[in-house]
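Enquirer: I'd like to ask you about the structure that follows.
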C-alpha cells in the first residue's frame, strides 16, 4: 500500500513553482531544503491533487495557468507551416 502524500510538502512545492516559474526541480528543491529526487517524485502526486504543471524542453516547471513569458502570447497562437501532402499518399 502506498503512503499518503504529505499535503503540506506538496503545497509548498507548488507554491515555489508558482513563485519561480520555469525553474527546474533542483532549484525548487534547494529553495525548500529537499533532495531533488523528492521534488521530482512529488510531481505525479501534485497532478493527482489537481495542481497542474507543464514541463518545458529544458525541464523547467510551469504552473498550467501561468502566462507564457514570451510576448505575453501562448506559444501555439501562431500558424505553424503545415507539411504539404503528397498527391500519391
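Enquirer: Name the single residue, out of those in segment 1-31 being in contact (Cβ under 8 Å) with a residue 12 or more places away in the chain and part of a loop (DSSP other than H, G, I, E, B), that is nearest to residue 63 (Cα to Cα).
Expert: 21
Enquirer: Can you pull out every residue in segment 32-54 that is surrounded by fewer than 16 Cβ atoms within 10 Å (Cβ to Cβ) and in a helix (DSSP H, G or I)?
Expert: Scanning segment 32-54 gives 32, 36, 37, 38, 41, 44, 47, 48.
Enquirer: Something else about it: Go through the residues of segment 67-86 one by one and say whether even a single one is surrounded by 10 or more Cβ atoms within 10 Å (Cβ to Cβ) and at pLDDT 75 or above.
Expert: No.
The values are calculated or read from the model by the stated rules, or taken from the named source; none is laboratory data. This structure is a prediction, so every number in the text was calculated from the model and none was measured. Neighbour counts run over all protein chains shown; Cβ positions are idealised from the backbone, glycine included.
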